[in-house]
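Every number here is computed from the coordinates shown, using simple stated rules; none is lab data. Just so you know, these numbers come straight off a predicted model, no measurement behind them. Cβ coordinates were reconstructed from backbone atoms using ideal geometry, including for glycine residues, and neighbour counts include every protein chain displayed.
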Amino acid sequence: MCHFQSTAVLKDLKYADSHEWVKVEGHSATVGITDHAQDHLGDVVYVELPEEGSTVTQGNGFGAVESVKATSDIISPVSGKVVKVNQELSDSPGLVNLSPYEKGWIIKVELSNSSEVEQLMDSDKYSKFCEEEDAAH
């Protein structure tokens, strides 16, 4: 399903194999789920958000996205402290579908270990990963 016409992969972001994206700006990182992930989930009806001030750890879940088809854990691609949560998703969870990389971001994190970002995929690797994963299904 990772057809390039339908799902976008942005160049300046980093990607986890659990389909989250990270935009790093200094010691801050914005996290969301990818266009590919929202496409597979279908219409998002609820987003379970963490508390501001809580900590997230790379590879561990911090919330969930519930769609008409399934509930999927959101796995943190980085470790750090949650400094901001996208409260708009409480009223408009569909922003994750409509604008996964912009209005549908989920949390902003103050990074505790910025070298973790180097373990994530760039846009080319992630696109290839999506293609291979879809071919396997």
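Return the aspartates and glutamates within reach of LYS128: Cα separation strictly under 19 angstrom, same-chain partners fewer than 8 residues apart disregarded; answer none if there are no such residues.
Reachable aspartates and glutamates: ASP12, ASP17, GLU20, ASP35, ASP39, GLU118.
The chain: longest stretch without exposed trypsin sites (Lys or Arg not before Pro) (DSSP loop, at most 13 other Cβ within 10 Å), sites themselves excluded?
Segment 70-137 is the longest.
In percent, what relative contact order does the stretch 14-113 have, based on Cα pairs under 8 Å that are 6 or more apart in sequence?
Dividing the mean separation by the residue count of the stretch 14-113 yields 32 percent.
Counting residues in the stretch 61-122 as N, plug N into 2.2 N^0.38 Å and put the Cα Rg over that result.
1.21
Give me P(r) over the chain, computed from all C-alpha to C-alpha distances, binned every 10 Å, as integer percentages.
With a bin width of 10 Å, the distribution comes to 13, 47, 34, 6.
Under a straight-distance cross-link criterion of Cα-Cα below 18 Å, which lysines are reachable from LYS84, leaving out those fewer than 8 residues away in the same chain?
LYS23, LYS103, LYS108
Please identify which residues in the stretch 89-126 have an amide N closer than 11 Å to a label point set 7 Å out from the Cα of THR55, following the Cα→Cβ vector.
112-113
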